[in-house]
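Below is one structure, written out as structure tokens, with a few remarks after it.
The values are calculated or read from the model by the stated rules, or taken from the named source; none is laboratory data. Remember, it's a predicted structure, so these values are computed and weren't measured experimentally. Glycine also receives a Cβ, built like all others from the backbone with ideal geometry; neighbour counts cover every protein chain displayed. The accessibility values were calculated without ligands, DNA or RNA, using every heavy atom of the protein model including side chains. Shrake-Rupley method; radii C 1.70, N 1.55, O 1.52, S 1.80 Å.
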Amino acid sequence: MALDLSTYRLDRSRPLRDQIYPVVRGLILTGVIKPGEVIDEKAIAAQLHVSRTPVREAVKRLSDEHLVDVVAQSATRAARMDRHEIEESFLIRRALEMESAAQAATRMGQEHADLLHDILSRHERAVERRHFIEAIAQDDAFHHAISDISNLPRLWGTIEISKAQLDRCRHLMLPRAGQAEATLEQHREIIRALNSHDPAKAAAAMKAHLDAAYRSTVAVLDGPGLG
């Protein structure tokens, strides 16, 4: 694992473990640290100019999320991809996001629609430029915004943890032809459903979108490179 963490700057006035956690988590989710690969806590600490303690605390938190395997007297590794955990991740995410969409539909205003369309435009530009990491970031921003509209402040944090295994798949898989365009159209349908102020319609649009995304994941889940 050859990492370059030179661009990260830590705020020494804040708890270091809380800042190192999203750094290491991001490396795992984006596939920089691949499934089964050793996590060198000493090297990470050296690059971030910290002791190993906050790195170890961050890794322990990731272990609680099943993203890291910590084995006593052995190497700490990024968890391998597990089909059952990925399916469980999907089912939890779908339930939470359907409720998020249903709640958001009752609160939807023009400013919310404008925000979602702005995110959709950024997502579309990223797809056109084949900037896939940025496209994934804008995809997440879209779902995060719906969670914010729903006025359930803790919901997105729970969704983020629940979808971690799915996020690993998204970054490890090459985009399939037409998939990004289909996602954009599904997002447009979700906006239309939200604008209808019909909770059931919004939940159904979200379910259709997430079901389609999971079918794409399953289609390549057993291929090479997914651990």
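Just a few scattered comments:
- Residue, most open to solvent (accessible area, probe 1.4 Å), within the stretch 38-68, restricted to residues that are free of Cβ contacts under 8 Å to residues at least 24 places away in the same chain and either in contact with a helix residue (DSSP H, G or I) (Cβ under 7 Å, 6 or more places away or on another chain) or basic (K, R) (or both): K42
- The set of residues from the stretch 54-105 being β-branched (V, I, T) and more than 15 Å from the chain's Cα centre (by Cα) comprises V55, V59, V68, V70, V71, T76.
- Number of residues in the stretch 69-109 that are surrounded by fewer than 16 Cβ atoms within 10 Å (Cβ to Cβ) and of a type in the set (K, R): the value is 3.
- Helices (runs of 4 or more DSSP H) within the stretch 141-220 that include 2 or more residues of a type in the set (D, E) and within 25 Å of R107 (Cβ to Cβ): 179-195
- If the condition is being surrounded by 17 or more Cβ atoms within 10 Å (Cβ to Cβ) and touching a residue at least 60 places away in the same chain (Cβ under 8 Å), then the stretch 26-37 contributes I28, L29, G31, K34, P35.
- Candidates K163, K207 - the one that is at pLDDT 95 or above and either crowded, with 16+ Cβ neighbours inside 10 Å or of a type in the set (K, R) (or both): K207
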